[in-house]
Every structure is written in structure tokens, then in C-alpha cells.
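Here's the structure, in C-alpha cells; my notes come after.
A short reminder: the numbers here are calculations on the coordinates, not readings from a lab. Just so it is clear, the structure is predicted and the values come from calculations on it, not from any experiment. As a convention, Cβ positions derive from the backbone with ideal geometry for all residues, glycine included, and neighbour counts pool all protein chains shown.
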Amino acid sequence: MEPLKVVVSGPVGAGKSTLIRTLSETEIVDTDARASEAIGKELTTVAMDYGTLRLDGQLLYLFGTPGQERFDFMWDVLTEGALGMVLLVRGDRPQDFPQARRQLDYLLSQRPVPYVVGVTRQDQPPVWSPAEVALYLGQPSERVVGLNATEPRSAASPLVRLLELMLEADTP
């Protein structure tokens with residue numbers, strides 16, 4: 001099987017870097033820098049995160065995008081050649097949902113690939129449920145999964161669902 005390039009995207013603080021750090025079987029490559037503005041955390045991704053994961057025998061190359069819109073030029077670079085995408089949103093930050101919707105629409109307009117929306121922080125109530133986020137974003141509920149990006153089994157759930165959707169699409 002050929003490796004699959006999967007892009008992990010979403011607003012600042014959604015859990016992209018955390019998910020890749022949690023799941024990568026190889027040392028991750030990151031481009032974290034000290035945040036130059038108040039974004040709610042000390043470090044931020046300025047170009048990308050990269051890690052690898054073998055899931056059910058399928059090798060995945062995980063490319064995390066920066067969340068800040070001022071680094072959005074990297075979205076096009078990182079989605080080149082992507083075969084799937086996971087968009088993460090923080091379930092406890094509904095104020096980020098409009099940006100997440102814009103980002104999802106933009107990325108899919110540039111590269112229409114199978115995708116899943118992952119709702120992070122499901123372990124830290126109060127938080128929006130995957131069903132509520134699906135409704136807000138206008139997405140089918142089967143494309144939206146909840147997760148805890150710091151727990152490996154949970155962090156893998158959007159990737160498992162993405163592979164399932166990709167298999168369903170290939171089945172006549």
C-alpha cells in the first residue's frame with residue numbers, strides 16, 4: 001500500500017500539534033515559535049508539524065497546518081498531494097467555529113478530498129458534542145467525531161473514521 005498524506009488543519013489551539021505528537025511513531029518535525037500576539041498559548045506552529053503513523057497496516061504521513069490565518073499560505077503548500085484531511089475544532093471554543101467553517105470550505109475548494117471533522121476536548125466539559133458541531137458546521141454526523149488529542153486511542157479516532165470513509169468511497 002502506498003502511504004497516504006493526511007492534512008490536519010483547524011484554528012489556533014484546536015489540538016493539531018498535540019494530535020500529531022500523540023500519534024507519531026517517529027520523531028516529529030515541528031516549526032513552533034514563540035507567539036508574537038495573544039493567542040492563548042506560548043508557542044504556535046508557523047509552518048507545519050509532521051509525523052507518521054501506521055494504522056491498520058496503512059502508513060499515514062500527518063502534516064499539521066498552522067492555525068493562524070496570517071500563515072494561511074502554508075495551507076496550499078501542505079495540501080498539495082493530500083489524499084485526506086482532518087479538521088480539528090476545540091469543542092469548548094464555539095467562537096472558533098466560523099473560522100473552522102471558512103477553513104474547511106477553503107481547503108476543500110482547493111483540494112476536494114475525503115475529510116473528517118474532529119471535535120477536541122471531549123474530556124473537558126462543558127464542551128459541544130460532535131452532533132452539535134456537525135449541525136453548526138452543516139456537516140453529516142458521520143463525518144464528525146469527538147476526541148481527546150492527548151490520549152492515543154482517542155486521538156486516532158478521526159483517522160480511523162477517515163480511512164473508513166475512504167474505503168466506503170472506493171467500494172462500488
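Under the rule of at least 5 residues apart or a separate chain, name every residue whose amide H is placed under 5 Å from the amide H of residue 52.
The answer is 25, 26, 62.
Convert each backbone phi in the stretch 145-160 into a coupling constant with the Karplus relation 6.51 cos²θ - 1.76 cosθ + 1.60 (shift: θ = phi - 60°), then list the ³J(HN,Hα) values in order as whole Hz, x for Gly and Pro.
For the stretch 145-160, the Karplus-derived couplings read 10, x, 7, 10, 5, 9, 10, x, 4, 5, 4, 6, 4, x, 6, 4 Hz, x marking Gly and Pro.
Any idea what diffusion coefficient the stretch 71-155 gets from Stokes-Einstein, in µm²/s, Kirkwood Rh on alpha carbon pairs, 25 °C, 0.890 mPa s?
On the way: Rh = 13.3 Å.
Translational D for this selection: 184 µm²/s.
Once phi is turned into ³J(HN,Hα) by the Karplus curve 6.51 cos²θ - 1.76 cosθ + 1.60 with θ = phi - 60°, what whole-Hz value does each residue of the stretch 121-135 show in order, with x for glycine and proline?
Per residue, the Karplus-derived 3J(HN,Hα) values read 6, 5, 8, 10, x, x, 8, 6, 7, x, 5, 5, 5, 4, 4 Hz.
Which cross-chain or sequence-distant (5 or more) residues have an amide H under 5 Å from the amide H of residue 4, H modelled 1.01 Å from N in plane?
Here 59, 60, 61 satisfy the definition.
What does a probe at residue 123 reach in the stretch 140-155, counting residues whose amide N is under 12 Å from the point 7 Å along Cα→Cβ?
Residues passing the 12 Å test: 147-155.
Evaluate the distance, in nm, between pseudo-label points positioned 7 Å from the Cα of residue 168 and of residue 92 along their respective Cα→Cβ axes.
3.0
Under a 5 Å amide H to amide H cut-off, with H placed in plane at 1.01 Å, what residues pair with residue 150 once short-range neighbours are removed?
It is none; the list stays empty.
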